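Remarks on the structure that follows.
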Amino acid sequence: MKKDRLILFLFIVAKFILQYSLINPEYELQRDEYLHLDQANHLAWGYLSVPPVSSWIAFLIKVLGNSEFWVKFFPALFGALTMVVVWRTIEALKGSLFALVLASSGLLFSTLLRLNMLFQPNSLDIFFWTLFFYILIQYVNTEKIKWLYWGGLVFGIGILSKYNIAFLALGFVPALLMTKQRKVFANPHLYGAALLAFIIILPNLLWQYNNGFPVIHHMKELAETQLVNVSRFDFFKSQLLFFIGVTFVILFGFYALLFYKPFEKFSFFFWGYVITIGLFVFFKAKNYYAIGLYPIYIGFGSVYLGYLLKSGWKRFLKPVCLLHPLILFIPIYNVAFPNKSPEFIASHPEVYSKFGDLRWEDGKDHSLPQDFADMLGWKELAQKVDHEYAGLSKTGNTLVLCDNYGQAGAINYYSTKGIKAVSFNADYINWFDLSKKYKNLIRVKDRPEDELQKTGSFFEHSKVAGFVTNKYAREKGTVIFSFEGGKIDIRKRLQDEMIKVKSR
């Protein structure tokens, strides 16, 4: 094995080791992961909140046994592949071994470790952004039409992974038009590649059309409930912290794209960044939406630094550059990952609040970072629902109805009774089985409210069956109501509620 390939292999091994060691055993899967995993049981060309690729990976995880090992494996894999693509990009740019190691260190000890912990579309989204940029660089270098079609293929699958990659096109089309590379628009094969991307995306577009374009409703709801709390100042601050160990490398990359002669033909990458970031800021996007931009600029900057430091006294700065990502990662390691117990984090809030980690989507500070709190209480909930379900199911069909997708997904993932919990929230609204007549109901609610009085009158027996008691869980206080012996067929009420929710 060549020396450079051996080094890359070691980086990949280190990536997987870190991903599996960064989560304290007290934590479970995160809220969103349960929804994506449950999509494997309802394969379709689209979902209310995400495109279909995550469901295909979830199905593969299911085939492999649905264990947490495989749930964590795939986001780690996509993170490792992102590193490989940047490595290949640096080779295409004629970068040195120093550039390869610097970029790989910067990617390894970065926010990607946090992102690649969770089975969500984000890890794959970043990989596709990086892969598309690599293909774009290869086309500019060679002008071979095969790279245009590879680009169409990757962009199409990227859209089916996460719609966020559309910002890449919105930012880089005008950037290309601003430079000499606008000549690509005179190449008819570009439009053939665009047609290929459209054909790949078409099944999802048809699904969106047949379901009333729920992505528009989802984006509107997101803007009203979450993006409204986004601070543009915090957005820019986060951009500096995502790859803090190589932020200086990214800045050198920007400079090189404007003034380094070998990168002259890639100058549109500078303007593409400016326009894309401008769009994210204008729409008040979440800070992590922009992460896919940076790996390729780390590649550009590493190549340029390798050129600057290749001789003279400057070469002695190479060890400093290589150690920089690791040195800055060490303090971040102590706050950015769920490697400490909930009790420890709650008793040391100052260090976490300093980085804004305790601020949730509601704009308020809490005891734990939101992602960490979303990784607690789920097994407790599933076990208590299982216990109640075992008794009720002896007297007839039992429906488990939850307030949110996290509750439904976690119950379905951990249940040993084969429960298929549903909710009027997210994709679960389309997964009700109304072919059964339900005699019993388990109602999982965020708050007690007046559920016993409101629903109990339709059943012979009703009670509070339990609560989520984990004080650090986001679901703390979630109530489990049990209703037995239905006096009416509740399917009509379910249908009416589904119509009401879908019409909002």
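Before moving on, here are some points about what is shown:
- Of all residues in the stretch 390-418, those being under 24 Å from GLY486 (Cα atoms) and either surrounded by 22 or more Cβ atoms within 10 Å (Cβ to Cβ) or under 22 Å from the mean Cα position of the chain (by Cα) (or both) number 11.
- Residues that are exposed (fewer than 15 other Cβ atoms within 10 Å of the Cβ), in a helix (DSSP H, G or I) and not aliphatic (A, V, I, L, M) were ranked within the stretch 230-247; the one that is modelled with the highest pLDDT is PHE236.
- Meeting the requirement of 1 or more residues that are more than 21 Å from TYR294 (Cβ to Cβ) and out of contact with any strand residue (DSSP E or B) (no Cβ under 9 Å at 6 or more places or on another chain), the helices (runs of 4 or more DSSP H) wholly within the stretch 89-189 are 97-108, 121-142, 145-161, 166-177.
- Among (1) closer than 17 Å to THR111 by Cβ; (2) under 23 Å from the mean Cα position of the chain (by Cα) - the single one GLU361 does not satisfy: (1)
- All positions within the stretch 52-103 that are in contact with a Ser or Thr (Cβ under 6 Å, 6 or more places away or on another chain) and within 26 Å of ASN425 (Cα to Cα): VAL53, PRO75
- Screening ASP386 on (1) surrounded by fewer than 17 Cβ atoms within 10 Å (Cβ to Cβ); (2) part of a helix (DSSP H, G or I) shows it passes everything except condition (1).
- Residue match in the stretch 388-396 (condition: modelled with pLDDT of 90 or more and in the same structural domain as TYR288 (by TED's automatic domain parsing)): no
- Conditions (1) assigned to a helix (DSSP H, G or I); (2) touching a Ser or Thr at 6+ places or on another chain (Cβ under 8 Å); (3) not basic (Lys, Arg); number of the one not met by TYR47: (1)
- Boolean, PRO319 is assigned by TED's automatic domain parsing to the domain that holds LYS162 and exposed (fewer than 14 other Cβ atoms within 10 Å of the Cβ): yes
- Test: PHE316 is within 23 Å of the chain's Cα centre (by Cα) and without any contact (Cβ under 8 Å) to a residue 40 or more places away in the chain: no
- Taking each residue of the stretch 373-389 that is more than 16 Å from VAL400 (Cα to Cα) and looking for partners that are outside any helix (DSSP H, G or I) and among the hydroxyl-bearing types (Ser, Thr, Tyr) with beta-carbon atoms closer than 6 Å, six or more apart or interchain, yields MET375/TYR27; LEU376/TYR472.
- Checking the stated criteria, TRP87 turns out not to satisfy the condition of being surrounded by fewer than 21 Cβ atoms within 10 Å (Cβ to Cβ), in contact with a Leu (Cβ under 6 Å, 6 or more places away or on another chain) and modelled with pLDDT of 95 or more.
- Sole exception among (1) out of contact with any Asp or Glu (no Cβ under 9 Å at 6 or more places or on another chain); (2) on the phi < 0 side of the Ramachandran plot; (3) of a type outside the set (A, V, I, L, M) for GLY418, by number: (2)
- Among the candidates PHE344, PHE300, the residue that is within 23 Å of LYS471 (Cα to Cα) and either within 26 Å of the chain's Cα centre (by Cα) or part of a helix (DSSP H, G or I) (or both) is uniquely PHE344.
The values are calculated or read from the model by the stated rules, or taken from the named source; none is laboratory data. This structure is a prediction, so every number in the text was calculated from the model and none was measured. All Cβ positions, even for glycine, are placed from backbone atoms using ideal geometry, and neighbour counts span all protein chains on display.
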